[in-house]
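Throughout, read-outs are computed from the coordinates displayed, never taken from laboratory work. These numbers come from a predicted model, not from an experiment. For neighbour counting, all protein chains shown are included, and Cβ atoms are generated from backbone atoms with ideal geometry for every residue, glycine included.
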Amino acid sequence: MKKNVKLQSFITIGMLSSISFLLMLFNFPIPPFPAFLEVDFSDMPALLAAITMGPVAGILVELFKNVLDWIFSGTPTGVPVGHIANFVTGILFILPVSFVFNRFKTVKGLIGGLAAGTIIMAVGMSILNYAIFLPMYTYFLGMEPVVGDSLYKMIIAGILPFNIVKGILITIIMALLFTTMRKWINNQRSMYLQNN
């Protein structure tokens, strides 16, 4: 029985990763934010994996979707800077959701987790973009580095509010999904928790 559940979890992670990869292709910018910042809903399957099978499953979905997108779409820098950033963004978002939801297991718990995930993702990615990802982009693209007021403005007026808006959009959709899929989510959780 335990072996069957393990096999089923691998299949489910693979299926959710494929859905996540497909959702990643349907990205779109949100004016007035910079055009390189695009919203997609590929974190949704990873969130489902995290709250039904645990945080490791969510991290694997985030990893596999980015590997698939890198393979099929490539990268303008030759180095998967954007994919690494997307992976880190996903982890910063889904781990707080998983932690808070596992404690409360209610709609309020899920929304609280999504709010915490949004704040941690927005602040975390602002710091990481400032310190790591933006310098990497400019280095690998051979561009002039963004420094001083331009960098500050890009982070404070662009990346930080963009990630907050993205988190709010995902929170709304995830809360609606949870209310319609609550029975299935609870069944999945009980199956995986009983067999771990």
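Counted by Cβ distance under 14 Å from GLU38, the other residues give a net charge of -2, where Lys and Arg count +1 and Asp and Glu count -1. Out of ILE156, ILE84, ILE51, any idea which swings most in a Gaussian network model of the chain, alpha carbons joined below 10 Å? Largest GNM mean-square fluctuation: ILE156. Largest mean-square fluctuation among VAL123, VAL165, VAL147, in a Gaussian network model of the chain whose springs join Cα atoms under 10 Å apart, belongs to VAL147. Could you work out which residue, out of PHE36, PHE87, PHE64, moves most in a Gaussian network model of the chain, that is, has the largest mean-square fluctuation with Cα springs under 10 Å? Top of the fluctuation ranking is PHE36.
When +1 charges are put on Lys and Arg Cβ atoms and -1 charges on Asp and Glu Cβ atoms, the dipole computed for the chain relative to its Cα centre reaches about 1080 debye. Report summary: the helix-based calculation at 222 nm, which adds -39500 (n - 2.57) for every DSSP H run with n ≥ 4 and divides by the residues of the chain, gives -26000 deg cm²/dmol.
How high is the relative contact order of region 56-131, in percent, counting Cα pairs under 8 Å that sit 6 or more residues apart? About 26 percent, as a whole number.
Quick one: Cα convex hull volume of region 41-196, Å³ per residue?
Expressed per residue, the convex hull around the Cα atoms of region 41-196 is 107 Å³.
Relative contact order for region 93-196: what is it in percent, counting Cα pairs under 8 Å that are at least 6 residues apart?
Details: 74 pairs, mean separation 28.7, N = 104.
So the answer I get is 28 percent.
Between TRP184 and VAL165, the distance separating the two model label sites (each 7 Å from Cα on the Cα→Cβ line) works out to 3.0 nm. Approximating the spin labels as points 7 Å out from Cα along Cα→Cβ, the PHE28-to-MET191 distance works out to 3.3 nm. A dipole drawn for region 52-196 from +1 and -1 charges on Cβ atoms has a positive end, and of GLY54, TRP70, ALA157 the residue lying farthest that way is GLY54. Taking the charge dipole of region 99-196 about its Cα centre, with +1 at Lys and Arg Cβ atoms and -1 at Asp and Glu Cβ atoms, the residue from LEU176, MET121, THR106 reaching farthest to the positive side is THR106. Distances between placed amide hydrogens fall under 5 Å for VAL39 paired with PHE28, ILE30, all partners being 5 or more residues away or on another chain.
Membrane-span-like helices in the chain, defined here as complete DSSP H runs extending at least 24 Å along the helix axis by their C-alpha atoms with mean Kyte-Doolittle hydropathy no lower than -1.0, are 2-25, 55-73, 81-104, 107-128, 160-194; this is a sequence and geometry rule, not a statement about a membrane. Relative contact order for the chain: what is it in percent, counting Cα pairs under 8 Å that are at least 6 residues apart? Relative contact order comes out at 21 percent.
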